[in-house]
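Right, one structure below, let's go through it.
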Amino acid sequence: MIDLRSDTVTRPTEGMRRAMAEAEVGDDVYGEDPTVARLQERVAGLLGFEAAIFTPTGSMANVIALAALTGHGQEVLCESRAHILRAELGAHGALTGLTSRTWSNTRGQVDLDAIRAMHAPDMGPFFVRTTAISVENTHNFAGGTIIPIEDLRRLREYADEAACAVHIDGARIWNAHVATGTPLAAYGEIADTMAVCLSKGLGAPIGSLMLGTTEQVAEARVLRKRLGGGMRQVGVLAAAGLHALDHHVERMTEDHEHARLLAEACGSDPALTETNIVVVDVPDAPAVVAAAQDQGILVGAVGPTKVRMLTHLDVDRSDVEQAAKVLAEILA
Ligand SMILES: Cc1ncc(COP(=O)(O)O)c(C=O)c1O
């Protein structure tokens, strides 16, 4: 099977497994795992934050980050298909009392006019107060689209005027960085907090990080434990992340090239595929998923008429060419 359902389906490489086996470890709830500490320092440094904390998932990193920026009963503004809203199973409302309002943009971009119109300052007992704006870069359900750094800088300026915090769900910020050449730290500069994942295009089996100030991360450490995310000798997992940062960032250009090849085969404009996610409109998504599966290609339906494919470390050029051939025939 050629599995294009997600970039999370990768299995650790031989080199990554070796790094995991050889990792120095300690009890990370005591803050004594040297490999976790190295990973946290490295990722904080790369993105220009004071501190970072290792989490099992990107969802948990988003929850503890937004909780650091907002209070119970306050709101975050975000795009309507943001992962924090659609795919974290209501965690932000259910666990940390956050509410939300949304703007819609088919390419997952920032809509400053909509944000300006929605933003609600503290009005005492009358309106829910907006305390954070969250953006997703790259945007998963919009098809791996990139929010340009200039737009993020304008958002930052507005957020400063409005005394509002900015969170970046940067599960795939690595893809945006590789595709645009924008330094990772430039993304970090515009955000109060960030969440980044090691388990997507970077190919680690697990792991994400939340980034913020030393104080926010200390607070996040408490919430992570409360949520059941205090982990012990997880240097073995952090080592996979460190290995991925050494070996799997620059190679993402290949994934992006492969994604454009798939987009073209599916009759989409390849220029609209900016990173490793391809979303195509089809008349009947479940039928396309089933037909592709019959021919050894796994793709996902993300709505009745939308099929999604992701390229990653575990599919090479010949796999992608084979998938492109099959999909072109199905969609012809
Ligand atoms: C944009 C985005 N944010 C957050 C996450 C959450 O990551 P996890 O599955 O590790 O909870 C995902 C997962 O696909 C994602 O695509």
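The values are calculated or read from the model by the stated rules, or taken from the named source; none is laboratory data. Being a predicted model, the structure only gives us computed values, none of them experimental. Cβ sites come from the backbone with ideal geometry, for glycine too, and all protein chains shown count toward neighbours. With ligands, DNA and RNA removed, areas are computed over all heavy atoms of the protein, side chains included. Shrake-Rupley method; radii C 1.70, N 1.55, O 1.52, S 1.80 Å.
Take every Cα pair under 8 Å in the chain that's 6+ residues apart, average their separations, divide by the length, and report that relative contact order as a whole percent.
26 percent
Looking only at Gly228, Gly170, Gly124, which one moves most when the chain is put into a Gaussian network model with springs between Cα atoms under 10 Å?
Answer for the Gaussian network model of the chain: Gly124.
Select from Gly15, Ala240, Thr131 the residue farthest towards the positive end of the dipole of the chain; place +1 on Cβ of Lys and Arg, -1 on Cβ of Asp and Glu, and compute about the Cα centre.
Of Gly15, Ala240, Thr131, it is Thr131.
So how strong a dipole does the chain carry about its Cα centre when Lys and Arg Cβ are +1 and Asp and Glu Cβ are -1, to the nearest 20 debye?
620 debye
Once ligands and nucleic acids are excluded and a 1.4 Å probe is used, how much of Asp160 is accessible, expressed in Å² to the nearest 10?
Accessible surface of Asp160 is approximately 100 Å².
Just to confirm my numbers, what's the Cα centroid distance between segment 280-332 and segment 1-52 in Å?
Segment 280-332 and segment 1-52 have Cα centres spaced 30 Å from each other.
For segment 71-222, what's the relative contact order in percent, using C-alpha pairs closer than 8 Å and at least 6 residues apart?
18 percent
Which order do you get for Asp27, Asp113 if you rank them by accessible area with a 1.4 Å probe, largest at the top?
Result of the area sort, largest leading: Asp113, Asp27.
Suppose accessible area is computed on protein heavy atoms with a 1.4 Å probe; arrange Glu321, Glu14, Glu274 from highest to lowest.
Sorted descending by solvent-accessible area, the residues read Glu14, Glu321, Glu274.
Taking H placed 1.01 Å from N in the peptide plane, check which residues at least 5 places from Asn276 or on another chain put their amide H under 5 Å from its amide H.
none
With every protein chain left in place, what is the accessible area of Ser104 in Å² (1.4 Å probe, nearest 10)?
90 Å²
HN-Hα J couplings of segment 96-109 from phi, Karplus 6.51/-1.76/1.60, θ = phi - 60°, integer Hz, Gly and Pro as x?
3J(HN,Hα) across segment 96-109, in whole Hz: 10, x, 8, 10, 8, 9, 10, 10, 10, 8, 4, 9, x, 7.
List the aspartates and glutamates whose Cα sits under 20 Å from the Cα of Lys325, skipping any in the same chain fewer than 8 residues away.
Asp3, Glu254, Asp255, Glu257, Glu264, Asp269, Asp281, Asp284, Asp294, Asp314, Asp316
Given +1 on the Cβ of Lys and Arg, -1 on the Cβ of Asp and Glu, and no further charges, what dipole in debye does segment 1-126 carry about its Cα centre, rounded to the nearest 20?
540 debye
To the nearest 10 square angstrom, what accessible area does Thr180 show with a 1.4 Å probe?
70 Å²
Report the residue, chosen from Ser199, Ser268, Ser59, that carries the largest GNM mean-square fluctuation when the chain is represented by alpha-carbon nodes joined by springs under 10 Å.
In this elastic network of the chain, the residue with the biggest mean-square fluctuation among Ser199, Ser268, Ser59 is Ser268.
Can you give me the % of accessible surface on the chain that is carbon or sulfur? Probe 1.4 Å, all protein chains present, nothing else counted.
Of the solvent-accessible surface of the chain, carbon and sulfur hold 51 percent.
In the neighborhood of Ser268, defined by Cβ-to-Cβ distances under 14 Å, what is the net charge if each Lys or Arg adds +1 and each Asp or Glu adds -1?
Value of the local net charge: 0.
Only Cα pairs under 8 Å and at least 6 apart count here; give the relative contact order of segment 285-330 as a rounded whole percent.
38 percent.
Mind running the shape call on segment 40-166? Use the C-alpha gyration tensor, a ≥ b ≥ c as the square roots of the eigenvalues: rounded below 1.5 for a/c, prolate if a/b tops b/c, oblate otherwise.
Here segment 40-166 falls in the rounded category.
Tally the DSSP beta bridges in the chain and give the antiparallel ones as a percent, rounded to 5.
45 percent
Just to be sure I understand: with springs between alpha-carbon atoms less than 10 Å apart, which residue in Gln40, Gln293, Gln109 has the highest mean-square fluctuation in the Gaussian network model of the chain?
Residue with maximal mean-square fluctuation among Gln40, Gln293, Gln109: Gln293.
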